[in-house]
Amino acid sequence: MKLKSLLLVSGALLTGTAASAGGYQVTLAGQKNNGMGGVGVGLSLDQAAMFYNPGALAMVRERGVQVGVNATFARSAFVAEGGNTQRELRNSVVTPFNLYASFGPAEGKFRAGIAVYTPFGSTLKYADGWEGRTALTEIELQSIYVQPTISYAITDKISVGAGLTVLAYGAVNLQRDVPLPDSFGHIELDGEAERKVGFNAGIFFKPSEKFSLGLNYRSKIDAEVKDGDVTFTGIDPNSAFAARFPNTKFSATLPLIATTSLGIGIMPTEKLTIGLDVNYAEWSEYKTLEFTFADPINGSNTSVSKRNYEDALTFRLGGQYKITEGLTVRAGGAYDESPVRNGYVTPETPDANRVSGTIGASYAFGKLGVDFSTQFVSISKRSQTQSQLIANGTQDRVAGTYKTTIVIPGIGLNYSF
């Protein structure tokens, strides 16, 4: 038996698939931005600039604190090649969140802040007895990124900023069935990632009140699990082959990829703001996924699975309009290229090109405000055949067709001082 599992050691808690970007990347980082198609690199909207472009933080007029939470509702289905039975994923609701706080002199050029967010992940629960049960039955991820940030306005038109991206906490629980001669056993992999540090840096340029430009780079972090638990159940300890499946330890590494983003802001009037972002994700770093086991499982201490991801682009467009002094409305959309090649789709990341539409609104009560957003994500139907899997050497996954749609409502509170 060759292990067919994918370990994702960091990421937001999501249902169905990564909610807002290709692969297992997630961009639910700011409630205002969520309502505008996810734009933000070329804008200085609020404290969420710490995620989208730390260079813009110094241009945010108000100091403040904000917190946001999202809920993901996914409808995902799979039909095996040559079959007509549709397998629905089991439903679950999860809530990725974000928290930002910025400080500095009211009239000064300097801002400092702290950000907490969840930029990667994928959580799925397949139907009992589905055709890919020996590849995956369930995966659940948890992570927290913490980013201390500084930003400085060199002039009244240009500012720079940077922050340390700390993988403060990451955990995974992955499960699948194990084929036996006359039944199925079960394997569970459970582990925590080591703390790792990267960086997030950007520059922001606003030559006039009607135009702004931003450039952002977030570095890769190699998330590592070095002492995870492998547990087998449902295997008769007295059977002849029980010794081939010992409870043991595992280690694995997953690249949390780097991204480069360019953003433009256009302000035709004092009430209208439009943003356009282009994101370049360096997914080609993800070539293989390898597990190393402390004790041999079915005669082997390693399990290697091909990924061969491609770099991918994301295009985002959104805007907001201030209707009254308190009420602002938003809308936007995005197109994400999938980094997953044909014949390399896994049950853990049944990814495809995706189109999303967003709406949102804010209402301010003096210094206190509330933000609402909703995203509608349609992931294109994605099929792969057994002949493709054989040609690519990727028989550790299942042939068939995946389709997913996701609705992601969110709410946030903000306080300015």
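Before moving on, here are some points about what is shown:
- Positions within segment 143-162 being surrounded by fewer than 19 Cβ atoms within 10 Å (Cβ to Cβ) and of a type outside the set (A, V, I, L, M, F, W, C), in sequence order: Pro148, Tyr152, Thr155, Asp156, Lys157
- Tabulated pairs, segment 392-408, first buried (at least 23 other Cβ atoms within 10 Å of the Cβ), second acidic (Asp, Glu), C-beta under 6 angstrom, 6+ apart or interchain: Val398/Glu131; Gly400/Glu81
- Positions within segment 320-339 being in contact with a Phe, Trp or Tyr (Cβ under 8 Å, 6 or more places away or on another chain), part of a loop (DSSP other than H, G, I, E, B) and farther than 30 Å from Lys381 by Cα, in sequence order: Gly326
- Condition check for Gly198: within 26 Å of Val69 (Cβ to Cβ), in a strand (DSSP E or B) and either modelled with pLDDT under 95 or small (Gly, Ala, Ser) (or both): yes
- The residues on offer are Val340, Val329, and the sole one that is crowded, with 21+ Cβ neighbours inside 10 Å and among the hydrophobic types (A, V, I, L, M, F, W, C) is Val340.
- From the list Phe204, Phe245, the one residue that fits, being touching a helix residue (DSSP H, G or I) at 6+ places or on another chain (Cβ under 6 Å) and buried (at least 16 other Cβ atoms within 10 Å of the Cβ), is Phe204.
- The number of residues in segment 205-223 being within 23 Å of Arg195 (Cα to Cα) and of a type in the set (Phe, Trp, Tyr) comes to 1.
- Checking each residue in segment 260-297 for being of a type in the set (S, T, N, Q) and either modelled with pLDDT of 95 or more or loosely packed, with under 13 Cβ neighbours inside 10 Å (or both) picks out Thr260, Ser261, Thr269, Thr273, Asn279, Thr288.
- Given (1) in a strand (DSSP E or B); (2) without any contact (Cβ under 8 Å) to a residue 40 or more places away in the chain, index of the condition Ala361 fails: (2)
- Within segment 364-391, restricting attention to residues that are surrounded by 14 or more Cβ atoms within 10 Å (Cβ to Cβ) and of a type in the set (Phe, Trp, Tyr), the residue that is nearest to Gly68 (Cα to Cα) is Phe372.
- Pairing residues of segment 259-274 that are without any contact (Cβ under 8 Å) to a residue 24 or more places away in the chain with residues that are charged (D, E, K, R), at Cβ distances under 9 Å and at least 6 apart in sequence or on separate chains, gives Thr269/Lys210.
The values are calculated or read from the model by the stated rules, or taken from the named source; none is laboratory data. The structure presented is a predicted model; accordingly, all values stated were derived computationally and were not measured. Quick reminder, even Gly has a Cβ in these numbers, built from the backbone with ideal geometry, and neighbours come from all protein chains shown.
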